[in-house]
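Notes for the one structure printed next.
The values are calculated or read from the model by the stated rules, or taken from the named source; none is laboratory data. Because the structure is a prediction, the values reported are computed rather than measured. In this analysis, Cβ positions are derived from the backbone assuming ideal geometry, glycine residues included, and neighbour counts consider all displayed protein chains. Note: accessible area is taken over every heavy atom of the protein model, side chains too, but ligands, DNA and RNA are not part of it. Shrake-Rupley method; radii C 1.70, N 1.55, O 1.52, S 1.80 Å.
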Amino acid sequence: MLNGKDIVTSFKTETEARFHPIAGCMPNDIEQDILIYLRSKIKDYGLEIDIIDLVLSGSRCRGLEKDASDLDVVVEYEGNISEDALFNIFHEDCFAIDGITVDINPIEHGKTGTLETYLPLVKTYLEKKYVSACADT
């Protein structure tokens, strides 16, 4: 069984293998662009939060996207703002990369959990979606 850090690393490795590049960029580059955007929003609002890590999630992280699919991102953070309030701040500009809307889902330990507890649920969901997509073809 994987430990916490290994869960995140394994998820990111699988994403790297299945991801369809966006504007020639792979997941690590895209994560860095998103991190720059998030840090800018945090600074603009004077928020006292720390981003622990972020991970691409959803259909695009497994190459299962449709043309109109968003780019889903899970962001683990620590701080003094609720997930809902942070979600609203991160979405106010309709941030997009190469015309693809970035859907940012902030999570924190006290409410939704950590990436280590959240990603296995995402992985299970995506595996079911993959099986369903294969059955449709």
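Which net charge results for the neighbourhood of Val8, defined as the other residues with beta-carbon distances under 15 angstrom from its beta-carbon, given Lys and Arg at +1 and Asp and Glu at -1?
Taking every Cβ under 15 Å from that of Val8, the sum is -4.
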**Request:** Working with all protein chains in place, sort Ser57, Ser10 by solvent-accessible area computed with a 1.4 Å probe, largest first.
**Result:** Ser10, Ser57
**Request:** Please identify every one of the GluC sites (Glu not before Pro) in region 1-98 that sits in a loop by DSSP and has no more than 12 other beta carbons within 10 Å of its own beta carbon.
**Result:** Glu48, Glu92
**Prompt:** Hey, what did region 27-137 get for relative contact order, percent, Cα under 8 Å, at least 6 apart?
**Reply:** 24 percent
**Fill in**
In terms of the alpha carbon gyration tensor, root eigenvalues a ≥ b ≥ c, rounded if a/c is under 1.5 and otherwise prolate when a/b exceeds b/c or oblate, region 1-65 is oblate
**Asked** Taking 0.36 nm per intervening residue step and subtracting the Cα-Cα distance, what contour gain separates Glu78 from Tyr125 on full extension?
**Response** 14.4 nm
**Request:** Give me the net charge of Phe19's neighbourhood, meaning all other residues with Cβ under 13 Å from the Cβ of Phe19; Lys, Arg count +1, Asp, Glu -1.
**Result:** -2
**Request:** Can you pull the one-decimal nm distance between simple spin-label points at His91 and Asn3, each 7 Å off the Cα toward Cβ?
**Result:** 3.6 nm
**Prompt:** Can you give the net charge of the other residues whose Cβ lies under 13 Å from the Cβ of Asp67, counting K and R as +1 and D and E as -1?
**Reply:** -1
**Item:** Gain on full stretching of the segment that runs from Leu47 to Thr114 - 0.36 nm per residue minus C-alpha separation
**Value:** 22.1 nm
